[in-house]
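Here is the structure we will look at.
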Amino acid sequence: STTPLKVAVTGAAGQIGYSLLFRLASGALGDRPIQLQLLEIEPALKALEGVVMELDDCAFPLLAGVEIGADPTKIFDGVNLALLVGARPRGPGMERGDLLSANGAIFTAQGKALNEVAADDVRVGVTGNPANTNALIAMTNAPDIPQNRFSALTRLDHNRALSQLAAKTGASVNDITRMTIWGNHSATQYPDLFHAEIAGRNAAEVVNDQAWVEDYFIPTVAKRGAAIIDARGASSAASAASATCNAARDWLNGTPEGDWVSMAVVSDGSYGVPEGLISSFPVTTKDGDWSIVQGLEISEFSRGRIDASVAELADEKAAVTELGLI
Ligand code: NAX
């Protein structure tokens, strides 16, 4: 029998968790059995027990076991994949510095625990916001884990961009390849369709409407999270869970020939993004490793957008450095 893939999920009793756990257990990563290791803070453990009861009640054939707890050094023990979803949301009157410190405390501790107890092949995907900077904090606090094992989620933004482009052109999302999200998972992100293709044709040429790209496509994708909060009264959860699964599956199993995905990963200086920042890039994956797609021509328009988002990442890095978190 196949050894189960040991998957940690933090913030497992939260909104995203409520969607994510059931997707993972029903085979979103493939047909290998999985063991779920669920981390929550003490006050949420009772609610998490209820979620585990529901997981049990699904009788998922691939679910080999579930363990829950509030101690990351126990929950992360031997994990092959850690999905860091739980984070401190911005409360009323909270300044950016307060938000970064609150999350810094979470992601320094989790980085250290992963460093100590995770499996040698661990991959760490950060969904909790501010995702790029939380990933940077975890990575920096886990010096024995190779830096390329950390990534922050921009796949939801990527999927949103696919969906908007499909709606505009009448194409199916299945026909769209090579979409890219650059930069930070924030309102400054740059969804880039200039290299995207629709059934093999350049997407920007198919759209042929620069005003739509600038005034509709980019802001709609970048501000979609806020639009969902407005409509639903709660932040995106099912779509975030779905994207978290897509990102993990492709990281572990590889991207299709001729296509790529967006992942926020540590920069090696590609495309002028300062080395060491965790920024979203077009990446291909193979055998559990990613590589940044090279050689794309960046127009002046794209350059300005990428630089603006990367500048925000550099600011966040400076702020967490000043706070002593990295
Ligand atoms: P919820 O507030 O519903 O759930 C978060 C859970 O994390 C809570 O149950 C809380 O108890 C738990 N938690 C807090 N501190 C923890 C710790 N130290 N260890 C373990 N668990 C801890 O939020 P939810 O809607 O599930 O969103 C989770 C995170 O995803 C948020 O930071 C949110 O901003 C972020 N998002 C990221 C997205 C992305 O594309 N990267 C999109 C969706 C979402 O906004």
Euclidean distance between Cα centres, segment 23-81 to segment 194-253, Å: 29
Most mobile listed residue (GLY91, GLY11, GLY225) in the chain, GNM with C-alpha springs under 10 Å: GLY91
Efficiency of FRET between MET94 and ASP215 - r from beta-carbon atoms, R0 45 angstrom, step 0.05: 0.90
Computed over the chain: relative contact order in percent, which uses C-alpha pairs under 8 Å that are six or more apart: 17
Straight-distance crosslink candidates among lysines, where the alpha carbon sits under 24 Å from LYS286 and sequence neighbours closer than 8 are dropped: LYS6
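Using a Förster distance of 22 angstrom, determine the FRET efficiency expected from the C-beta separation of ASP31 and ALA59, and round it to 0.05. Before the final figure, lay out each step's value.
On the way: r = 16 Å, r/R0 = 0.75.
Taking R0 as 22 Å, the efficiency between ASP31 and ALA59 is 0.85.
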Heavy-atom accessible area per residue - segment 5-152, 1.4 Å, Å²: 41
Most fluctuating residue given options SER242, SER280, SER291, as computed from a GNM of the chain linking Cα atoms under 10 Å: SER291
Histogram of C-alpha separations across segment 119-267, 10 Å bin width, %: 11, 39, 34, 14, 2
Separation of the TYR18 and GLU67 label points, Cα + 7 Å toward Cβ, nm: 2.7
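With +1 assigned to the C-beta of every Lys and Arg and -1 to the C-beta of every Asp and Glu, and no other charges, what is the dipole magnitude of segment 16-117 about the Cα centre in debye, to the nearest 20?
Details: 8 positive and 13 negative charges, 77 e Å.
That gives a dipole near 380 debye.
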Alpha-carbon Rg with Dmax, taken over segment 1-142, Å: 14.8, 53
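Starting from 0.36 nm per residue, how many nanometres of slack lie between ALA187 and ALA102 once their C-alpha separation is accounted for? Don't skip to the end; give the middle numbers.
Working: separation 85, 0.36 × 85 = 30.60 nm, distance 2.10 nm.
Difference between extended and current length: 28.5 nm.
Which net charge results for the neighbourhood of VAL51, defined as the other residues with beta-carbon distances under 15 angstrom from its beta-carbon, given Lys and Arg at +1 and Asp and Glu at -1?
Working: positive: ARG23, LYS46; negative: GLU40, GLU49, GLU54, ASP56, ASP57, GLU67.
Neighbour charge sum, excluding VAL51 itself: -4.
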Inter-label distance for ASP120 and ALA167, nm, one decimal - labels placed 7 Å from Cα along Cα-to-Cβ: 4.8
Most mobile listed residue (ALA171, ALA308, ALA113) in the chain, GNM with C-alpha springs under 10 Å: ALA171
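Averaged per residue, what accessible area in Å² does segment 155-316 show with a 1.4 Å probe, protein chains only? Working shown, then result.
Working: 6870 Å² over 162 residues.
Here the per-residue accessible area is 42 Å².
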Aspartates and glutamates with Cα under 20 Å of LYS74, excluding same-chain neighbours fewer than 8 positions away: GLU40, GLU42, GLU49, GLU116, ASP120, ASP121, ASP144
Debye equation applied to the C-alpha atoms of the chain, log10 I(q)/I(0) at 0.10, 0.14 Å⁻¹: -0.55, -1.10
Two-site label geometry, ASP315 and ASP230: point separation in nm, points 7 Å out along Cα→Cβ: 2.2
Cβ-derived FRET efficiency at R0 22 Å, ARG201 paired with ALA308, nearest 0.05: 0.15
Relative contact order (%) - segment 1-124, alpha-carbon pairs under 8 angstrom, separation at least six: 31
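Multiply the residue gap between GLN294 and ASN148 by 0.36 nm, knock off their C-alpha separation, and tell me the result in nm, one decimal place.
Stretched fully, the GLN294-ASN148 segment lengthens by 50.9 nm.
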Carbon and sulfur %, accessible surface of the chain computed with the full protein complex present, 1.4 Å: 49
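So which GluC sites (Glu not before Pro) in segment 232-326 are both in a DSSP loop and have at most 10 other Cβ atoms within 10 Å of their Cβ? Numbers along the way, then the final one.
Numbers: sites: GLU257, GLU275, GLU297, GLU300, GLU312, GLU316, GLU322; in loops: GLU257, GLU275, GLU297.
When the GluC sites (Glu not before Pro) of segment 232-326 are filtered for loop state and at most 10 Cβ neighbours within 10 Å, GLU257, GLU275, GLU297 remain.
The values are calculated or read from the model by the stated rules, or taken from the named source; none is laboratory data. None of the values given here were measured: they were computed from a predicted structure. Because the Cβ atoms are built from the backbone with ideal geometry, glycine has one as well, and the counts that use them run over all protein chains shown. Side chains included, ligands, DNA and RNA excluded: accessible areas come from the protein's heavy atoms. Shrake-Rupley method; radii C 1.70, N 1.55, O 1.52, S 1.80 Å.
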